[in-house]
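The values are calculated or read from the model by the stated rules, or taken from the named source; none is laboratory data. Because the structure is a prediction, the values reported are computed rather than measured. No Cβ is skipped: glycine too gets one built from the backbone with ideal geometry, and neighbour counts run over all protein chains shown. Protein only, heavy atoms only, side chains kept; ligands, DNA and RNA dropped before computing areas. Shrake-Rupley method; radii C 1.70, N 1.55, O 1.52, S 1.80 Å.
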Amino acid sequence: MDNDKWIEVRTSSTHGSGVFARRSIPQGTYILRETPLLITASKRALSREAEFVLLNASNKEAFLSLFGSCRCEYDPCVCSPVMKVSWSNQFSLRPDDSNIIKYCTYTIASRFNHSCEPNVWYDFDFERNTMHMAAVRDIEEGEELFITYIGHKDTESTAVRRTELQKWGIDCMCTACVAGIQFNDDTEWIKSCDFLGKRLRDELADARKDEEKVDSTTSDQLHPHPEESTEVWADRMWNDWEMRMNGFLELVKKEAMKASVVSHQTEKLENERAQAVVLHAGHIAANNNFNLPKKTILTHCLRLGDCLKDQAKTAFEKIKSDRMATNDTETSAV
């Protein structure tokens with residue numbers, strides 16, 4: 001399919017960049033079929049970093065050209081460019097009959113902005129890793145195209161939709177939210193999406209029956225994987241960190257039980273935390289099957305270290321609070 005026939009990416013007056021209709025688009029017209037630029041079935045950050053390393057130069061450039069925002073809430077930021085782009089642009093896709101979630105980032109599909117009342121529907125062919133998009137209604141030339149980031153929240157209020165959208169840092173001001181519209185199953189755009197979804201499922205079923213071959217490039221075709229997948233490798237690296245993290249948190253709990261220790265940021269605990277980060281970075285470097293840059297490994301481990309500091313604070317304060325409550329109870333009993 002010629003993805004340039006119907007749409008183009010250009011500057012949006014309210015959303016930075018967006019996708020616009022190159023010409024008038026009749027309702028139901030397929031406007032985009034696209035395979036992912038980066039895909040992983042792992043929630044681990046290292047899997048995305050490894051998948052990025054495996055991309056060719058032009059695909060790396062395309063990936064990094066996408067908008068990326070920090071979600072780590074640390075100052076200074078400890079998010080890598082890959083994670084910023086992933087968090088801001090990836091689709092989390094799961095078939096109804098599967099527990100496997102595919103995290104996919106697209107060259108074009110990831111550039112669509114959000115509206116709670118979208119004019120574009122999308123669905124995913126899990127067998128071919130292909131995104132399909134079609135017009136929900138007639139669309140005029142030059143009109144910006146929108147998808148919904150939160151699915152068919154058909155019975156939920158504006159407040160609920162806005163809360164859901166905070167995951168992307170979006171304070172939604174679409175026409176539906178400004179007007180306070182609440183949707184239901186009889187809403188026209190929802191009925192149109194349901195129809196388009198059924199149409200695609202029927203088309204895919206017919207294609208499988210006829211054993212038609214659809215021109216599709218999966219992530220595995222984009223680049224050959226080494227013997228170990230990025231998902232398995234990332235899980236293996238996480239297991240190492242989990243062991244070090246749990247060991248450190250046990251030490252935090254022991255220190256918290258001491259009356260003389262009044263903070264989770266003692267020199268002893270800070271040294272142990274730093275050692276856990278350094279040893280984990282060394283473990284990744286020693287098992288760097290995908291040739292991640294040293295800076296990527298360091299950024300990843302610093303982010304884990306900052307998260308561990310927060311976990312230590314929570315664990316420490318809980319034990320101190322529990323001890324204080326126990327002492328108050330014993331004092332009251334006397």
Can you go through Tyr103, Tyr122 and tell me which one is closer than 19 Å to Arg22 by Cβ, surrounded by 13 or more Cβ atoms within 10 Å (Cβ to Cβ) and aromatic (Phe, Trp, Tyr)?
Tyr122
Output the residues belonging to the stretch 79-90 that are open to solvent by 20 Å² or more (accessible area, probe 1.4 Å) and of a type in the set (A, V, I, L, M, F, W, C).
Trp87
Between residues in the stretch 155-178 that are touching a residue at least 24 places away in the same chain (Cβ under 8 Å) and residues that are open to solvent by less than 60 Å² (accessible area, probe 1.4 Å) and of a type in the set (Lys, Arg), which pairs lie under 7 Å by C-beta distance while being six or more apart or on different chains?
Arg161/Lys153; Cys172/Arg161; Cys177/Arg161
Sole exception among (1) in contact (Cβ under 8 Å) with a residue 24 or more places away in the chain; (2) surrounded by fewer than 20 Cβ atoms within 10 Å (Cβ to Cβ) for Asp97, by number:
(1)
Suppose the filter is more than 23 Å from Asn291 (Cα to Cα) and not charged (D, E, K, R); does Phe91 pass it?
yes
Across (1) in contact with a Pro (Cβ under 8 Å, 6 or more places away or on another chain); (2) over 21 Å from Trp121 (Cβ atoms), Trp189 clears everything bar (2)
Tell me, which residue of the stretch 1-26 that is open to solvent by 80 Å² or more (accessible area, probe 1.4 Å) and among the charged types (D, E, K, R) is farthest from His132 (Cα to Cα)?
Arg10
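Across the stretch 233-250, what is the total count of residues that are in contact (Cβ under 8 Å) with a residue 40 or more places away in the chain and either surrounded by 19 or more Cβ atoms within 10 Å (Cβ to Cβ) or out of contact with any Lys or Arg (no Cβ under 9 Å at 6 or more places or on another chain) (or both)?
Applying the first criterion (in contact (Cβ under 8 Å) with a residue 40 or more places away in the chain) to the stretch 233-250 yields 233-238, 240-241, 245, 248-249.
Adding the requirement that they be either surrounded by 19 or more Cβ atoms within 10 Å (Cβ to Cβ) or out of contact with any Lys or Arg (no Cβ under 9 Å at 6 or more places or on another chain) (or both) leaves 233-234, 236-238, 240-241, 245, 248-249.
Qualifying residue count for the region: 10.
Being out of contact with any Lys or Arg (no Cβ under 9 Å at 6 or more places or on another chain), closer than 21 Å to Ser12 by Cα and not β-branched (Val, Ile, Thr) narrows it down to one of Glu117, Glu141, so name that one.
On the way: Glu141 fails: out of contact with any Lys or Arg (no Cβ under 9 Å at 6 or more places or on another chain).
After ruling out the rest, the residue left standing is Glu117.
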Could you grab me the full set of residues in the stretch 55-82 that are within 27 Å of Asp123 (Cβ to Cβ) and in contact (Cβ under 8 Å) with a residue 60 or more places away in the chain?
Leu55, Asn59, Ser69, Arg71, Val82
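Per-residue answers, yes or no, for (1) of a type in the set (S, T, N, Q); (2) at pLDDT 95 or above; (3) touching an Asp or Glu at 6+ places or on another chain (Cβ under 7 Å); (4) part of a loop (DSSP other than H, G, I, E, B):
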residue	(1), (2), (3), (4)
Asn3	yes, no, yes, yes
Arg33	no, no, no, no
Tyr74	no, no, yes, yes
Ser86	yes, no, no, no
Return the residue satisfying two criteria in turn: it lies in the stretch 173-195 and is modelled with pLDDT of 85 or more and closer than 21 Å to Phe91 by Cβ, and of such residues it is surrounded by the fewest Cβ atoms within 10 Å (Cβ to Cβ).
Asp194
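Just to check your reading of the model, which residue among Asp125, Asp97 is within 17 Å of Cys193 (Cα to Cα) and charged (D, E, K, R)? Walk me through how you get there before you give the answer.
Working: Asp97 fails: within 17 Å of Cys193 (Cα to Cα).
Unique residue meeting the criteria: Asp125.
Residues that are part of a loop (DSSP other than H, G, I, E, B) and within 29 Å of Thr230 (Cα to Cα): does the stretch 180-187 have at least one? I'd like the intermediate steps shown before the answer.
From the stretch 180-187, those part of a loop (DSSP other than H, G, I, E, B) are 180-187; that's our starting set.
Now drop any that are not within 29 Å of Thr230 (Cα to Cα), which leaves none.
No.
What tally of residues in the stretch 251-278 results from selecting those that are within 30 Å of Thr230 (Cα to Cα) and open to solvent by 80 Å² or more (accessible area, probe 1.4 Å)? Talk me through it step by step, then tell me what you get.
Residues of the stretch 251-278 within 30 Å of Thr230 (Cα to Cα): 272-278.
With open to solvent by 80 Å² or more (accessible area, probe 1.4 Å) added as a condition, the list becomes 275, 278.
So the count comes out to 2.
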Total residues in the stretch 7-23, condition within 25 Å of the chain's Cα centre (by Cα), within 10 Å of Glu144 (Cα to Cα) and in a loop (DSSP other than H, G, I, E, B)
0
Within the stretch 203-224, can you find the residues that are modelled with pLDDT of 50 or more and either closer than 25 Å to Ile101 by Cβ or of a type in the set (A, V, I, L, M) (or both)?
Glu203, Leu204, Ala205, Ala207, Arg208
Output for Cβ contacts, cut-off 6 Å, separation at least six or different chains, first residue within 17 Å of Leu93 (Cβ to Cβ) in the stretch 107-126, second open to solvent by 10 Å² or more (accessible area, probe 1.4 Å) and in a helix (DSSP H, G or I), reads Thr107/Ala62; Ser110/Asn89; Asp125/Leu204
